[in-house]
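Accompanying notes for the structure given below.
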Amino acid sequence: MNVHTPPTLQKLAIQTLVREEAIGMSDLEELAYGLFPELFKEAFDGRYTKLIKALEIALPFHCLPVGSLMRTPDLETLQAVGFHPRCLMTPLKTLSITYSLISQRDLDSFACCQSLFQLKHLELREVVLLDLDLMHLRGLLMKVAGTLETLDLQGCRMKDSQLSVLLPAFKQCSQISNVNYYNDDFSMPFLKDLLQHTANWSKMNVEQYPAPLKCYNEFPQVSVERFAQLCQDLMDTLRAIRQPKTISDQVSILCCCWQ
C-alpha cells in the first residue's frame, strides 16, 4: 500500500513563493542560505527564468544544483542559468559550449576561472563571437597553452581583427593536435599570418581552415578555380614553417583540400 507523504510547510512556502514570483533581490538577501538550492530547483522545474536569474546572482555558482539539471531536455530554461563558471572548484579537462548565445560577461569569466586552467579540449562550436572582445579568451588560452590539445572554433563567425587578438596565444600552444576554424570569415593575408604563428604546433594531427574570403564569388559561393589558385600559396606558406599531417578547408566537399 502506497502512503502519500504530504509536503512540508517549508516545501509549500517555497512553492508559493515561486509560483507567485513574490521574491525580489532584497528578499533573497534575507533568505536562509540553506533554502537556496531547493528554491532554485523549484524555480527551474517551473521554468521561472526571472527568478532563476535572480538566484544565479545571489548564490555562488558552485552551490547551484546544476549537475542534476543537466539531464533536462529544457535547453532554453537551462541556458537561463548562465555559463559563469568562475566559481567552479573542480578542474575541468573539457569545456564544450555549442549552438548557444554567449555574452561578453560569460566570455570574460573564462580567464579568471581557475577550474579551466588545465583544459585539454575547448569547443565553442557555433557560438557566435562576432562583435565580442576576445582579450579574455586570449588570457585563457595563454593559461592553458601547455595542456590544450583540441581547439574547435567552428562557426564562431569571427573576422580577421578578432582572431588576430588570439595569435600570440596560438603561438604558445605546444600541445595542440587538432584545430577547427570552419565557417569563420578570414581573408587570405590573415590566413597566411595565422599559419606563421603555428611553428610550435609540432604535435598537430588535423587542422581545418575556412576557404579565404577571396575564394567566394558574387552569389556567394566558393569558386573552385579561385580556390585552387590560392591553395598552393597557402600550402607553400605552411610547409615553409612545418610539415602538416592532415589539413583541409571547408570546401573539401568539392574535393578541394590543402594538400
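The values are calculated or read from the model by the stated rules, or taken from the named source; none is laboratory data. Remember, predicted model here, so these are calculated numbers, not experimental data. All Cβ positions, even for glycine, are placed from backbone atoms using ideal geometry, and neighbour counts span all protein chains on display.
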TODO: Give me a count of the residues in region 162-203 that are aromatic (Phe, Trp, Tyr) and under 17 Å from the mean Cα position of the chain (by Cα).
DONE: 3
Task: Those residues of region 169-201 which are touching a residue at least 40 places away in the same chain (Cβ under 8 Å) and in contact with a helix residue (DSSP H, G or I) (Cβ under 7 Å, 6 or more places away or on another chain), in sequence order - done: Met188, Leu191, Lys192, Leu195, Thr198
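Results for (1) within 19 Å of Trp201 (Cβ to Cβ); (2) charged (D, E, K, R); (3) touching a residue at least 40 places away in the same chain (Cβ under 8 Å), shown as yes or no for each residue.
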residue: Thr98; (1), (2), (3): no, no, no
residue: Phe117; (1), (2), (3): no, no, no
residue: Leu122; (1), (2), (3): yes, no, no
residue: Val128; (1), (2), (3): no, no, no
residue: Asp131; (1), (2), (3): no, yes, no
residue: Leu141; (1), (2), (3): yes, no, no
residue: Val144; (1), (2), (3): yes, no, no
residue: Leu148; (1), (2), (3): yes, no, no
Task: Matching residues, region 204-259, being among the charged types (D, E, K, R) and at pLDDT 75 or above - done: Glu207, Lys214, Glu218, Glu225, Arg226, Asp233, Asp236, Arg239, Arg242, Lys245
Task: Yes/no for Leu167 being closer than 22 Å to Glu126 by Cβ and either at pLDDT 85 or above or touching a Leu at 6+ places or on another chain (Cβ under 6 Å) (or both) - done: no
Open item on the list: For region 84-91, check the following and say yes or no: at least one residue is in contact with a Ser or Thr (Cβ under 6 Å, 6 or more places away or on another chain) and on the phi > 0 side of the Ramachandran plot.
Closed with: yes
Task: Index of the failed condition, Phe44 passing every other in (1) aromatic (Phe, Trp, Tyr); (2) over 25 Å from Gly146 (Cβ atoms); (3) at pLDDT below 70 - done: (3)
Task: Hits in region 202-219 - residues which are under 21 Å from Gln232 (Cβ atoms) and touching a residue at least 24 places away in the same chain (Cβ under 8 Å) - done: Met204, Val206, Glu207, Gln208, Tyr209, Pro210, Ala211, Pro212, Leu213, Lys214, Cys215
Task: Residue, farthest from the chain's Cα centre (by Cα), within region 204-237, restricted to residues that are crowded, with 17+ Cβ neighbours inside 10 Å and small (Gly, Ala, Ser) - done: Ser223
Task: Of residues in region 105-115 being buried (at least 17 other Cβ atoms within 10 Å of the Cβ) and more than 12 Å from the chain's Cα centre (by Cα), the one farthest from Ile176 (Cα to Cα) - done: Cys113
Open item on the list: Can you pull out every residue in region 102-144 that is basic (Lys, Arg), in a helix (DSSP H, G or I) and farther than 19 Å from Pro168 by Cβ?
Closed with: Arg105
